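Only the coordinates and a few stated rules stand behind these numbers; no lab work does. The structure displayed is predicted, hence computed values, not measured ones. Cβ: placed from backbone, ideal geometry, glycine included. Neighbour counts: every protein chain shown.
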């Protein structure tokens, strides 16, 4: 090497950047990760392992319940009360609306909510017990 020549040193990540050149922003992000983290770790250890484990979705929690006979009877009673209210509201909302009562829209809102709730409850119980 001559005295008037200038020597430049290139670090490992920049050497990789020279070899794999791209101007796209997404490519630069990927290059930064590969060149600064993945390749140096593979060279040093022979493998790459993520420092943080990926967060996997947790399985939905499941609960097991044991009910007394009294609890079951109260539940059935509440179910029928909700069902009876559903029927009543289904019959009342249109006549109330026809006479211009603001209770017509309230009755309809409760009717649709109760119908949705009962349908959801029925599906959940059927999934656990074919007798429902």
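Key figures
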| item | result |
| --- | --- |
| Pair residue 78, residue 6: separation of 7 Å Cα→Cβ label points (nm) | 8.0 nm |
| Length gained when the stretch residue 85-residue 50 is fully extended (0.36 nm per residue, less Cα-Cα span) | 6.9 nm |
| GNM flexibility winner over the chain from 71, 106, 45 (Cα, springs under 10 Å) | 45 |
| Packing rank of 73-83, 110-120, where each peptide gets the mean count of other beta carbons within 10 Å, highest leading | 110-120, 73-83 |
| Relative contact order (percent, whole number), region 26-132, Cα cutoff 8 Å, 6+ residue spacing | 15 percent |
| Efficiency of FRET between residue 106 and residue 127 - r from beta-carbon atoms, R0 25 angstrom, step 0.05 | 0.20 |
| q = 0.10, 0.11, 0.20 Å⁻¹: log10 I(q)/I(0) that the Debye formula gives for the chain, counting C-alpha atoms only | -0.66, -0.69, -1.18 |
